[in-house]
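Written out below as structure tokens is the structure these notes cover.
Just so it is clear, none of the values below were taken in a lab; they were calculated from the coordinates. The structure presented is a predicted model; accordingly, all values stated were derived computationally and were not measured. Backbone-built Cβ (ideal geometry, glycine too); neighbour counts: all protein chains shown.
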Amino acid sequence: MLSDLVRNSILLFGLIFVYGALNFKPNETKRIKIIVAGLMIGFFTIMIMMYPWRFETGTSATIFYDTRSVILSVAAAFFNPLATLIAMIASVTYRIIIGGDGAIAGVLSIITASGIGLLWRVLRKKYMKKNVFFEFIILGFIVHVVVVLCQLALPWEKAMIVIPAIILPYLTLYPLVGAILAIALKNQIDRLEANDKIRQSELLLKASIESPSNLIMCSLDKNYNHLTFNEMHIHFMKHEFGANVSLQTNFLESLNDDTLSKNFKSKFDLVLQNHRITMVYECHKIEGIKYVEVSINPILDEQDKVIGLTLFGQDISEKRRREEEILHISYHDFLTNLYNRRYFSESIENLKNMDLPLTFVIADINGLKLTNDAFGHYFGDELIILVSKTLQKNFRKEDIVCRSGGDEFIIAMKNSSKQDALKIIEKIKNTLGATVFHGINISVSFGVATMTELDKDVETMKLAEVEMYRNKLFESTSDRSETIKAILSTLYVKNPREESHSRRVSEICMLMGEHLKMSRDDIKQLKVIGNLHDIGKIAIDESVLNKPGKLTPEEWTLIRRHPEIGYRILAASTDYAEMAEDILCHHERWDGFGYPKGLKGEEIPLRARIIALADAFDAMTEARTYRSPLSQNEAIEEIRKNAGTQFDPILSIEFIHMITSNFENR
């Protein structure tokens, strides 16, 4: 009987070896593998049943007992329920085929052992502790108490003989065998899961290494031999050093450059002493990669002992380019690309205590605001760029040329005297004087001062600034007057009709002044104002000024800006400043509905009221592409109608008298 039991147990544990060889996972989800697992358990259960433990009852019948309850209960606790069901059906079928007095008890034993195992599978996930041996001792005991009770299905006389005979091994040996079987299965499960984790870790490591397209990665042992690396590392070593990388190739020997090899070795040795290093390597041969940030770190074992190192390299060319771009922007003027005030201030801190004598030059463009008002800021920017290029071209390479403000520049000249600076300034003035910008002569005022003592930079720059403003006072006045004349000439080139209109308005204004018996100086001023009244149209686009048809509301909005623009242009010049207000108000109405300020009545300057009449009369009597001219009488009638609303009522009467006296009926 003992030999039968031993043989039965050997078959029981044979399942573990086959299961281990096939690498089946208990929680397999693929249907075909679940079926194969169920058939495998069923096969071993049948094999166990074929070599049972025979129990002679003392009668003509023999009762067969085996460890089927052990294998089925333990397998049910671990394997997919479908696999357990297949094994149970196979075992029940075989037991029915065998037949005999114990058939019913045997079938009940198979069903109850499998059922309790399946229930245990559910319960152990929620409630059972991690002590597998103790857990399955309890399972084995419960299962075999039930199996022993199943023997009551035998004929009563036989049951009373069998149960006392099997109760001790069933409730002691069988739970122990079941626990050992469970531990063996658990160990096999742990092995499979560990292998899975290793494979997943390897895949994850490979994916981590290969995924970043710009990450160079390798690991080296303590002898600098390659342990792992990615494709980017192979590419980098091949194209930068001409090296073919493989496992166990030596990193330093691959470099083919003794100086570089020594440099890397010194860093590797430091890392092998448990230090961490980050550096930037400048590439020379790889297209598209200029800078690589290299991070070298030690590899530590469980005892924190250094066993190798990792090297990670990342292409930072674009990052460096952006940083250089940001640095360039922070130290350069965006319009001229000259150095800015920040760079100048920081540089002076380094220069002021050395390189003496240090000469400062301050330059200021004359009439920039006038240019902006007349031609727009785009042309003003063009003027600034033109001047900046001239400065940069004429000053020395070692001089610091900086744009310090809107129209102002400052230059620091190392080891230079004031005389050296004045020679360069003279060349610049000659160059700019010979340059015509949109019909305007370019003028720049300069101030120069030289620092010969330490820490006198602020005082010296103030002296240069004072000189510049003194020069500007004399230079800019005449320049502005010339600029206004140039603006007027440019307007007439843009719109020839405007020249004849301005000349006629000027003539009518002069006649009106004479009619009103104004002084000779006032008449002269009135004539000039009449000629300049539309100078603000220089800032209006030619397509609007020369449009053959009627203007759109948007175009009218542009046209209505010209009094303000004309005012800003003339206000910039001392010679014309007094007339600027008249230009601003020449489109105001007597009733207050004019523009740009909405003045009414005598709030409007006298000369502006005269210009309004002259301008309107000439506009009505001259042909337009979209209408025929009015006759002189028709124009006079329009002025009479609008006297007191659009025009000064008293001046309107005098204007009509002047026109009828001085002009033939047209």
Q: Kindly identify the stretch 495-662 as rounded, prolate or oblate by the Cα gyration tensor criterion: order the square roots of the eigenvalues as a ≥ b ≥ c, call it rounded if a/c is under 1.5, otherwise compare a/b with b/c, prolate if a/b is larger, else oblate.
A: rounded
**Q.** Cut-off 12 Å between beta-carbons: net charge of the residues surrounding residue 404, Lys and Arg +1, Asp and Glu -1
**A.** -2
**Q.** Fraction of beta bridges assigned by DSSP in the chain that are antiparallel (%, nearest 5)
**A.** 95 percent
Q) Dividing the convex hull volume of the Cα atoms of the stretch 336-479 by its residue count, what figure in Å³ per residue is obtained? A) 97 Å³
Q) Spin-label point model (7 Å from Cα, Cβ direction): what's the residue 489 to residue 459 distance in nm? A) 4.7 nm
Q. When the helices in the chain are scored as -39500 (n - 2.57) per DSSP H run of 4 or longer and the sum is shared across all residues, what 222 nm value do you end up with, to the nearest 500 deg cm²/dmol?
A. -20000 deg cm²/dmol
Q: Please give the FRET efficiency for residue 189 paired with residue 276, using the beta carbon to beta carbon distance and R0 = 45 Å, rounded to the nearest 0.05.
A: 0.65
Q: List the residues whose amide H sits under 5 Å from the amide H of residue 588, counting only those 5 or more places along or on another chain, with H placed 1.01 Å from N in the peptide plane.
A: 595
Q: Given a cut-off of 27 Å, name the pairs among 369/393; 389/547; 524/550; 369/414; 429/494 whose C-alpha atoms lie farther apart than that in the structure shown.
A: 389/547; 524/550; 369/414; 429/494
Q | Calculated FRET value between residue 552 and residue 624, using beta carbons and R₀ = 22 Å, to 0.05 | A | 0.90
Q: Would you mind calculating the gained length between residue 341 and residue 265 on full extension (0.36 nm times residue separation, minus the Cα-Cα distance), in nm to one decimal?
A: 22.8 nm
Q: Please find the FRET efficiency linking residue 437 to residue 657, where r is the Cβ-Cβ separation and R0 is fixed at 35 Å, and quote it to the nearest 0.05.
A: 0.15
Q) Near residue 544, within a Cβ-to-Cβ distance under 10 Å, what is the net charge of the other residues, with Lys and Arg +1 and Asp and Glu -1? A) -2
Q) If we count every other residue with Cβ under 11 angstrom of residue 291's Cβ, Lys/Arg +1 and Asp/Glu -1, where does the sum land? A) -2
Q | Kirkwood hydrodynamic radius of the stretch 212-348, Cα pairs, Å | A | 16.9 Å
Q | Antiparallel DSSP beta bridges within the stretch 336-479, as percent of all bridges there, nearest 5 | A | 95 percent
Q | In sequence order, calculated HN-Hα J values of the stretch 153-164 (Karplus, 6.51, -1.76, 1.60; Hz; x Gly/Pro) | A | 6, 6, x, 3, 5, 6, 4, 6, 8, 6, 4, x
Q. Out of these labelled values of mean projected area of the Cα convex hull in nm², [x] 30.8; [y] 58.5; [z] 52.0, which was calculated from the coordinates shown here?
A. [y]
Q) Taking amide hydrogens as modeled 1.01 Å from N in the peptide plane, which residues meet the under 5 Å criterion relative to residue 316, leaving out close sequence neighbours? A) 291, 292, 293
Q: Report the full-extension gain for the segment residue 246 to residue 328: residue separation times 0.36 nm, less the Cα-Cα distance, to one decimal in nm.
A: 25.3 nm
Q) Using a simple spin-label model with points 7 Å from Cα along the Cα→Cβ vector, what separation in nm is obtained for residue 145 and residue 414? A) 9.8 nm
Q. Across the stretch 428-439, in residue order, what do the Karplus-derived ³J(HN,Hα) couplings come to in whole Hz, using 6.51 cos²θ - 1.76 cosθ + 1.60 with θ = phi - 60° and x for Gly and Pro?
A. 5, 5, 5, 5, 5, x, 8, 9, 9, 10, 6, x
Q. Percent relative contact order of the chain, based on C-alpha pairs within less than 8 angstrom and at least six residues apart?
A. 6 percent
Q | Set of lysines with alpha-carbon distance to residue 600 below 16 Å, sequence-local pairs under 8 removed | A | none
Q: Could you pull out every one of the aspartates and glutamates with an alpha carbon less than 13 Å from that of residue 418, ignoring same-chain neighbours closer than 8 positions?
A: 426, 467
